[in-house]
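The values are calculated or read from the model by the stated rules, or taken from the named source; none is laboratory data. All values reported here derive from a predicted model rather than from experimental measurement. Positions of Cβ are generated from backbone atoms using ideal geometry, with glycine treated the same way; all protein chains shown enter the neighbour counts. Only protein heavy atoms, including side chains, enter the accessible area calculation; ligands, DNA and RNA are left aside. Shrake-Rupley method; radii C 1.70, N 1.55, O 1.52, S 1.80 Å.
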Amino acid sequence: MTSRRTAPNLSGRVALVAGGTRGAGRGIAIELGAAGAVVYVSGRTTREARSDMDRPETIEETAELVTAAGGQGIPVRCDHRDPAQVRALVAGIEDRHGRLDILVNDVWGGDPLTEWDTPFWQLDLTKVHTMWDRAVFTHVVTSRYAVPLMMRRRGGLIVEISDGLGREYRGNLAYDLAKTAVNRLAVAQAAELAEHGITALAVTPGFLRSEAMLDHFGVTEANWRDGGRKDPHFLASETPRYVGRAVAALAADPEVAARAGQVLTSWDLAEEYGFTDVDGRKPHWDRHLRDAAAPN
């Protein structure tokens, strides 16, 4: 079992982080790079043009952070809803490296589409459809074109990045449906890929302290604890690098196939593999929620 005491070694591995512009995708890309991997970072926002998410983070920045961490970051603009663009992206990886060892499906883009506190019979169906296309169909398209390249080496890891274990309703039908579907993608892919030596699974972070969430609380990573004044749960949040370390540990684990089809958590994997967040903390979202719900 790999741990932070014996850092993951992914030298010679080639990874694609689909949706690596920001958030969990950026954290995962950086940690794969820190383990020595070549990491393709795909997304829609570049230094030349922003996507309709209208965020400042770019795929070039993420790729530079990957390289600075010790890997090789390669940015490629790609709208993963478009099969032609995804096919071209994978063809480029094949031409340059002849292999793909790790695929991380982290495309999301649903935050501005989620109509919280709105019953499903009042939802904007255009937004529901767009969320499904962005958060689920993109994952199907990317796996559809990436898996044949992975099959050439009869091995590899597909990680579906989720939000939650899918046990409880998430408060909005469209959001709940999209996130639960991502977990089921891991189950379905694992079942069909087992005979090809490729492992598919899902990983969820806890309360993710993403760039957008820092902005929401009006804080930076330097003073993030101040956000606890607005929401005490924020004090149990984790950086995107935490789930990144979880994915890197899984990718380096020679026994990862035993986890095929499972929905795993950043906090449980931290306990098992022995890594911490970048600040030395070991956030445990499930334990935090249990403690918060316990009677005084």
inquiry  = What distance in nm separates the two pseudo spin-label positions at Ser11 and Arg81, each 7 Å out from Cα along the beta-carbon direction?
reply    = 4.3
request  = Tell me the label-point distance for the pair Ala68, Val140, using the 7 Å Cα-to-Cβ offset, in nm and rounded to one decimal.
outcome  = 3.9
task = Arrange the peptides 256-263, 195-202 so that the one whose residues have, on average, the most other Cβ atoms within 10 Å appears first.
result = 195-202, 256-263
ask   = Under 18 Å from the Cα of Lys230, which aspartates and glutamates turn up, not counting those fewer than eight places away in the same chain?
value = Glu211, Asp215, Glu221, Glu238
task = Take peptides 160-166, 216-222, 267-273 and line them up by average Cβ neighbours within 10 Å, highest first, as a rough protection proxy.
result = 160-166, 267-273, 216-222
query = What percent do you get for the relative contact order of segment 36-165 when only Cα pairs under 8 Å and 6+ apart count?
reply = 25
Burial ranking of peptide ranges 40-53, 232-245 (average Cβ count within 10 Å, highest at the top) = 232-245, 40-53
Surface share of carbon and sulfur [accessible, 1.4 angstrom probe, percent] for segment 145-296 = 50
key: Prolate/oblate/rounded label for the chain (Cα gyration tensor, a/c 1.5)   = rounded
